[in-house]
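The values are calculated or read from the model by the stated rules, or taken from the named source; none is laboratory data. Just so it is clear, the model here is predicted, and its values are computed rather than measured. Positions of Cβ are backbone-derived with ideal geometry, glycine not excepted, and every protein chain shown enters the neighbour counts.
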Amino acid sequence: MTNDKKFEDIEFRIATMDDLEVAVDFSIDVFRLQEPLANTMGFTPSEAEPLFRWVVKRGISHNHTGLAFHKPSGRLIGFLTTTLWYREKEANQYEPFPELSLRCKQLGDILQELKGPFWELCPKDVNTVLRRDYSCVHKDFQRRGIGTQLDKLFADPEKLKAENIDGVISETSSVANQAVLSKRGYVVLKELIYEEYKDEHGQKILPDKLCDGSTKMVLNFKKC
């Protein structure tokens, strides 16, 4: 491990609206390229910006989004954006979607296909969950426990239980995240196989494998 990337040089904290711009920039400059599904969709920075801004802003407003900063440089090098999601539809008060490109809409459709039946698949006594929207650590800082620490601090089921949150869900597209969540005790509620997925017009829009070798997207859940 190089001296300029030591774990003790990382600061973890809850995001506030003052962090919105740096978190949106990180989404565009890092997450867009590193996250397998976003990478495969081929979003340009300009078309990704409205979607990423909407998701990040929503997550920050729910007060559970975690950030990881490299203290020597002041750079944001990782984040875990999360949203509270309620079984009672009226409790989910979100801003309207911005105008999105076709590819961003297609991504939304893919996610909806996966998470749409969540409330029918999860235990009946689950009424509030924390949804892991975006999880990403800059490639230069990976394998240092930063992603694990973000989860422990900001999405730990035992801690969330004290806040009357019943579970944590995640739609994971990467092989790495699918393996990590499995080790942490998350269960698979549903899988979306890329080879089989077709859009509303019956067209295949995804390759059989993403850039990291992933063949499916997984809806993961862990009860608090």
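Just to be sure before I move on: is L114 part of a loop (DSSP other than H, G, I, E, B) and within 21 Å of T40 (Cα to Cα) in the structure I sent?
no
Out of the range 32-46, which residues are of a type outside the set (A, V, I, L, M), crowded, with 18+ Cβ neighbours inside 10 Å, in contact with a helix residue (DSSP H, G or I) (Cβ under 9 Å, 6 or more places away or on another chain) and assigned to a helix (DSSP H, G or I)?
R32, P36
Would you check which residues across the range 66-104 are among the basic types (K, R) and either modelled with pLDDT of 95 or more or touching a His at 6+ places or on another chain (Cβ under 8 Å) (or both) and list them?
Those that are among the basic types (K, R) and either modelled with pLDDT of 95 or more or touching a His at 6+ places or on another chain (Cβ under 8 Å) (or both): K71, R75, R87.
State all residues of the range 172-189 that are part of a loop (DSSP other than H, G, I, E, B) and under 12 Å from L219 (Cβ atoms); if no residue qualifies, say none.
If the condition is that a residue be part of a loop (DSSP other than H, G, I, E, B) and under 12 Å from L219 (Cβ atoms), then S173, Y186 are the ones that fit.
Can you tell me how many residues within the range 190-217 are closer than 19 Å to R32 by Cβ and in a strand (DSSP E or B)?
1
Within the range 1-40, work out how many residues are under 30 Å from D109 (Cα atoms) and among the aromatic types (F, W, Y).
Here the count works out to 2.
Counting only residues that are free of Cβ contacts under 8 Å to residues at least 60 places away in the same chain and part of a loop (DSSP other than H, G, I, E, B), which one in the range 47-72 is farthest from L153 (Cα to Cα)?
Among residues in the range 47-72 that are free of Cβ contacts under 8 Å to residues at least 60 places away in the same chain and part of a loop (DSSP other than H, G, I, E, B), the one farthest from L153 (Cα to Cα) is H62.
Could you grab me the full set of residues in the range 56-91 that are in contact with a strand residue (DSSP E or B) (Cβ under 8 Å, 6 or more places away or on another chain), of a type in the set (S, T, N, Q) and more than 22 Å from L192 (Cβ to Cβ)?
N63, T65
From the list G167, G78, which one is small (G, A, S), surrounded by 17 or more Cβ atoms within 10 Å (Cβ to Cβ) and in contact with a Cys (Cβ under 6 Å, 6 or more places away or on another chain)?
G167
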